[in-house]
1. What pairs come up if the first residue lies in the range 317-346 and is on the phi > 0 side of the Ramachandran plot, the second is crowded, with 24+ Cβ neighbours inside 10 Å, and their beta carbons are under 6 Å apart, counting only those six or more places apart or on different chains?
2. Can you pull out every residue in the range 133-166 that is more than 25 Å from the chain's Cα centre (by Cα) and either modelled with pLDDT under 95 or more than 13 Å from residue 111 (Cα to Cα) (or both)?
3. Take the range 113-126 and flag every residue that is open to solvent by 60 Å² or more (accessible area, probe 1.4 Å), not in a loop (DSSP other than H, G, I, E, B) and not hydroxyl-bearing (Ser, Thr, Tyr).
4. Taking the condition of being open to solvent by 20 Å² or more (accessible area, probe 1.4 Å) and either in contact with a Phe, Trp or Tyr (Cβ under 7 Å, 6 or more places away or on another chain) or not in a helix (DSSP H, G or I) (or both), how many residues in the range 252-287 meet it?
5. Quick one: residue 110 ticks every box in (1) modelled with pLDDT of 95 or more; (2) outside any strand (DSSP E or B) bar one, so which box is it?
6. Of the residues that make up the range 290-301, is at least one assigned to a strand (DSSP E or B), in contact with a strand residue (DSSP E or B) (Cβ under 7 Å, 6 or more places away or on another chain) and of a type in the set (A, V, I, L, M, F, W, C)?
7. For residues in the range 455-466 being in contact (Cβ under 8 Å) with a residue 24 or more places away in the chain and of a type outside the set (Gly, Ala, Ser), which is least open to solvent (accessible area, probe 1.4 Å)?
Amino acid sequence: MAMFPVSVISLHLLLILSFAFVNGEIPTTLDGPFRPVTVPLDSTFRGHAVDLPDTDPRVQRTVKGFEPEQISVSLSATHDSVWISWITGEFQIGDNIKPLDPESVTSIVHYGKLRLQLTHQATGYSLVYNQLYPFEGLQNYTSGIIHHVHLTGLEPDTLYYYQCGDPSIPAMSDPHYFKTMPVSGPRSYPNRIAIVGDLGLTYNTTSTVDHLTSNQPDLVVLVGDATYANLYLTNGTGADCYSCSFSKSPIHETYQPRWDYWGRYMQPLVSRVPIMVVEGNHEIELQAENQTFVAYSSRFAFPSEESGSSSTFYYSFNAGGVHFIMLGAYISYYKSGDQYKWLEKDLAKMDRKVTPWLVATWHAPWYSTYKAHYREVECMRVEMEDLLYKSGVDIVFSGHVHAYERSNRVYNYTLDPCGPVHITIGDGGNREKMAITHADEPGNCPEPCSTPDDYMGGFCAFNFTSGPAAGKFCWDRQPDYSAYRESSFGHGILEVKNETHALWTWHRNQDLYSSPGDQIYIVRQPDRCPV
């Protein structure tokens, strides 16, 4: 990492933090590595949730004709531009579907800094996607018209009002608003960044989103698995475990209206707070001609082109002095592939004097001690960990495992003061069961041949060759790199204070909104850990 002069503000904050720790308040990573902690399972806590039905008013269509719905804001690569997305027209599902014509409705956003003076206009593009099955009896789907409009030339840290739609019909939305990110710089950060994973659309999801919204985030980062539409057959029948309940299905079906329900439910939040998403395994959604990830790639806007990426699976963006790299665990991550080459270029262009913090996200975690998905993406870790470590990544966020876990600073399974803190936050509230068993507990270590990811394949998770678990596939106790783990639904808030200190807080759904479940200051040491 580059070396920076310590500001007066930084020294003052460091004194405050030191005083707080001495008085038993918020610890910092400088006080670590910490002894592993496992919070006992609360037997009264509901381990899996019930999906919101299509009769719930929060997921029903309330607009008419071609009026916009499912409105959302996404960031571009830099502070001076954002994407506005929405859907017009009704989806169709059944045997005889006729896709809408995307050219029949224009994609226009009126915007400005005053609610009643939306003097600027931007025009974007539109599309329709289909989910098709080559089997008799399965219902096909075609979406409404999806619109994406790129707003450019925006001022930093500024509130903008906007309306979207087609004024010629007329079919325009009500006024909405968003706030741009602050300009990138070592002392310029959004106040709060919400991190959530494996969200779904259950009654536990509603608790997560309500709790998250109460924390007033400036940005939401979703680390994969948005809707869990693939837990449903095309006739709308759902289950907690697809493979258990629908083992005779000729193809892994998916009920696409769940995407529309999710978009409607999320609109009150994401029409004003930007959301950035990376793909998870539940977004695969195989269909005819082996197409995958079509809903994910169609419904969200990504700053792929702006960040030099040719894929919706990986991209980067700045949020003030934080550089986010969003990586794909379900596309080639090998050194010979396009994603790895893009990552090298993206990291090489990064200026740590402008964006001191480097945060990486992908769906499946490298450092999780739960039996579920244990060492599932070891091949990704083997390929990419050296590059990220040498580039000085500070924090890694992942989901996939339906629990919460925070690591000590770690590299190659070894405690390392210059390694990143890995945080698994796949506890957003989805319909599948909560992860509760740990691979290091007696009888829970999975067979190595059962661990590779089904979609990507490959086997790299061999027995450990050194350290306390040498010669074994699993540790026989909570590993040293695991600092804290707990099975509860929740979300996290990242508050970057300056170029060296960031406050991380994890909130359980069952707690009061102001009560943290886990909290720590993550401290960068650029003088000790240079890039």
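1. What qualifies is 320/181; 320/189.
2. The answer is 133, 134, 135, 136, 137, 138, 139, 140, 141, 142, 166.
3. First, pick out the residues of the range 113-126 that are open to solvent by 60 Å² or more (accessible area, probe 1.4 Å): 113-117, 119-121, 123, 125.
If we keep only those that are not in a loop (DSSP other than H, G, I, E, B) too, we end up with 114, 117, 120-121, 123, 125.
Across the range 113-126, the qualifying residues are 114, 117, 120, 121.
4. Number of matching residues: 6.
5. Only one criterion is unmet by residue 110, namely (2).
6. Residues of the range 290-301 that are assigned to a strand (DSSP E or B), as a first pass: none.
No: zero hits.
7. The selected residue is 464.
Let's see how each residue does on (1) out of contact with any Gly (no Cβ under 7 Å at 6 or more places or on another chain); (2) more than 19 Å from residue 410 (Cβ to Cβ); (3) open to solvent by 30 Å² or more (accessible area, probe 1.4 Å):
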| residue | (1), (2), (3) |
| --- | --- |
| 432 | yes, yes, yes |
| 443 | yes, yes, yes |
| 447 | yes, yes, yes |
| 450 | yes, yes, yes |
| 468 | yes, no, yes |
| 484 | yes, no, no |
| 494 | yes, no, no |
| 517 | no, yes, no |
| 523 | yes, no, no |
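The values are calculated or read from the model by the stated rules, or taken from the named source; none is laboratory data. Quick caveat, the model's predicted, so the values are computed rather than measured. Note that each Cβ is placed from the backbone with ideal geometry, even for glycine, and that neighbours are counted across all protein chains shown. Quick note on the areas: whole protein, heavy atoms, side chains included, nothing else; ligands and nucleic acids left out. Shrake-Rupley method; radii C 1.70, N 1.55, O 1.52, S 1.80 Å.
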